[in-house]
There are 2 protein chains.
Amino acid sequence: MAVAEKDFAKQLDSKVRLVNKELGRILSTPGWVASELKRPVRYALEGPGKRIRSAVVLWCCELVAGKVNRNALTAAAAIEMVHTYSLIHDDLPAMDDDDYRRGRLTCHRKFDEATAILTGDALLTLAFELLAKEINEPKAAVKLIIELAEAAGPAGMVAGQKADLEAENGRVNKETLQRIHTNKTAKMFRCAAAMGGICGSTMLTTGGGANERQLKRLREYGLKIGLGFQIADDILDVSASSVQLGKTSGKDVKQGKATYPAIVGLEKSRGLAEKLAKEATAALKPFGKNADVLRELTKSLSNRTK
Amino acid sequence: MAVAEKDFAKQLDSKVRLVNKELGRILSTPGWVASELKRPVRYALEGPGKRIRSAVVLWCCELVAGKVNRNALTAAAAIEMVHTYSLIHDDLPAMDDDDYRRGRLTCHRKFDEATAILTGDALLTLAFELLAKEINEPKAAVKLIIELAEAAGPAGMVAGQKADLEAENGRVNKETLQRIHTNKTAKMFRCAAAMGGICGSTMLTTGGGANERQLKRLREYGLKIGLGFQIADDILDVSASSVQLGKTSGKDVKQGKATYPAIVGLEKSRGLAEKLAKEATAALKPFGKNADVLRELTKSLSNRTK
């Protein structure tokens, strides 16, 4: 491992710890989750997730405000909840029908289908409740809720998942595939970057923080790494083993999913992922050296093996 | 039909029209719902729902502010979306497995299970997006989002549904049953009343509107009619026909659900519903004659036949 890589791994690890601690705090606060749902909600949130989206929130807050603040921790937990809910529902028998996720039984296999549906519903609702209750300025709370709902809702992730299912075993062109991946995955990354920028701004009462131009750059960065992340995911499905992935590999092909390797071929997919990584890096230019960790993230996402 | 009843039916009808018009406006506004989800989302929202929860929002706004305002219409649409999502998910094969709802095929029977899961997810997210984008004061938006998330989320409706499934074919005592019904149904009614009161307050920039004491009364009213509504529902399941209900009757008994008739008997259930109606009416006392329509609603809910 090169020095930069080692250093990046350490920095990611420290963010993962912060997010896990924040999720743990919420799970152990009485009142948020009723006794009936404690076990499945805890099981879902305590899975060994990569926490990339929430790390992006924290790093983007740091980038504009110099450090992670309380609002950014809340936003990171909220986006992680929404991401976790989406995995639980996507894994259901009626959707992708997966038995394993992050190396453990999926929620409906560990418990049952009804519990998995309700646990997803619970996490989605809780994410908005958390933002509304814990963000320290109503204006910022509203902004963050809009970002998250737009990314996750019927014009974002949910629409992407629907289109993804519709595209199974059919032929879609490159434009449709890009739309699916943008909705299904990239908008949540864009949201993570924007949420971080917004949270960074809440700390500085004397102005400063992310201005609209900076936010635009962060959004651009998030969208590009998100799309790159999904293409890398498609590539991994055909090239990695189930043990590496912690979930069943080769499933996309078996299910006739619309993926980049299937539509444009493996080599072109790799080229596209590289191009997106370059564009993401370019979007960070105005932030100078402070954005190095986000550049390292971009590299690690395009080179990832799991 | 007595004069009061006729008049009430007319007043309810005018509120149902307002809510349906508001939902129609949202459905036809570009950007809220992506093309992939338009059909199932429209199907779900255009079902002939009773719109009781949203009517309560509008009436409670009228009660404290003298008329329905723009914020109340938004809040009414949001609570109707959350209610509709909960029905779609509850009807799924893994949950109550219902083929009919409101006299039409349930969402998963009309489309498929994956579509039904995603349509529910879409409506839940859209409700929060709507409140965050359209309520004209960030402070009020945050308050309304908290009300809705607390009522619908992992310490409310979702927990109630989970406990309801757990209680199937088991023996629960009266206290547990009341907790289930409170979480599953009554909190959403309490939320509707509170949302109306909060929206009423947003109109009056010179103070006035619902104060904390009035909001407490409205919450009390909502909780009592909500619990009464669920008991009436339990009673109808054993006494009404499927044609009357627009959904399969006798299902609770068949599924071994924990219901009031099953736990305390039919006569005691009727007595309890009457007691709750009286308590709901008592909570309205400080509002005088202006609350007459809410009193009529209480009556109609305890006497309902569908």
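The values are calculated or read from the model by the stated rules, or taken from the named source; none is laboratory data. Just so it is clear, the model here is predicted, and its values are computed rather than measured. All Cβ positions, glycine included, derive from the backbone under ideal geometry; neighbour counts span all protein chains shown.
May I ask you to list the residues in the stretch B:147-178 that are assigned to a loop (DSSP other than H, G, I, E, B), within 16 Å of B:G226 (Cβ to Cβ) and more than 16 Å from the chain's Cα centre (by Cα)?
Answer for the stretch B:147-178, where residues must be assigned to a loop (DSSP other than H, G, I, E, B), within 16 Å of B:G226 (Cβ to Cβ) and more than 16 Å from the chain's Cα centre (by Cα): just B:A155.
Could you check the stretch A:157-172 and list, in sequence order, the residues that are crowded, with 21+ Cβ neighbours inside 10 Å, within 8 Å of chain B (Cβ to nearest Cβ) and not aliphatic (A, V, I, L, M)?
A:Q161, A:K162
Keeping to the stretch B:29-66, report how many residues are among the polar types (S, T, N, Q) and either away from every other protein chain (no Cβ under 14 Å) or touching a Phe, Trp or Tyr at 6+ places or on another chain (Cβ under 9 Å) (or both).
1
Listed here are the residues, each with its yes/no results for (1) touching a Leu at 6+ places or on another chain (Cβ under 9 Å); (2) closer than 26 Å to A:S201 by Cβ; (3) modelled with pLDDT of 95 or more; (4) of a type in the set (A, V, I, L, M, F, W, C).
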{"position": "A:E5", "(1), (2), (3), (4)": "no, no, no, no"}
{"position": "A:V16", "(1), (2), (3), (4)": "no, yes, yes, yes"}
{"position": "A:V41", "(1), (2), (3), (4)": "yes, no, yes, yes"}
{"position": "A:P48", "(1), (2), (3), (4)": "no, no, no, no"}
{"position": "A:V64", "(1), (2), (3), (4)": "yes, yes, no, yes"}
{"position": "A:A72", "(1), (2), (3), (4)": "yes, yes, yes, yes"}
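Kindly indicate the residue of the stretch B:91-139 that is of a type in the set (S, T, Y) and farther than 25 Å from A:P138 by Cα and also nearest to the other protein chains (Cβ to nearest Cβ) among those meeting that condition.
In this case the residue turns out to be B:T115.
Residues B:G24, B:G31: which one is out of contact with any Asp or Glu (no Cβ under 6 Å at 6 or more places or on another chain) and under 20 Å from A:A152 (Cβ atoms)?
B:G31
So B:T125 fits all but one of (1) in a loop (DSSP other than H, G, I, E, B); (2) without any contact (Cβ under 8 Å) to a residue 12 or more places away in the chain; (3) among the β-branched types (V, I, T); what number is the exception?
So B:T125 meets the others, but not (1).
Which of the residues that make up the stretch B:128-165 are within 18 Å of B:Y260 (Cα to Cα) and free of Cβ contacts under 8 Å to residues at least 12 places away in the same chain?
B:K162
Filter the stretch A:173-192 down to residues that are among the charged types (D, E, K, R) and over 17 Å from A:Y85 (Cβ atoms) and give me whichever is farthest from the other protein chains (Cβ to nearest Cβ).
Across the stretch A:173-192, the extreme among qualifying residues is A:K174.
So which residues in the stretch B:88-122 are within 29 Å of A:R109 (Cβ to Cβ), touching a residue at least 40 places away in the same chain (Cβ under 8 Å) and surrounded by fewer than 22 Cβ atoms within 10 Å (Cβ to Cβ), if there are any at all?
B:M95, B:D98, B:D99, B:K110, B:F111
Among the numbered conditions (1) free of Cβ contacts under 8 Å to residues at least 40 places away in the same chain; (2) charged (D, E, K, R); (3) more than 26 Å from B:M157 (Cβ to Cβ), tell me where A:K38 comes up short.
With respect to (1) free of Cβ contacts under 8 Å to residues at least 40 places away in the same chain; (2) charged (D, E, K, R); (3) more than 26 Å from B:M157 (Cβ to Cβ), A:K38 is out only on (3).
Would you check which residues across the stretch A:166-206 are free of Cβ contacts under 8 Å to residues at least 24 places away in the same chain and over 26 Å from B:K38 (Cβ atoms) and list them?
Passing the criteria: A:T205, A:T206.
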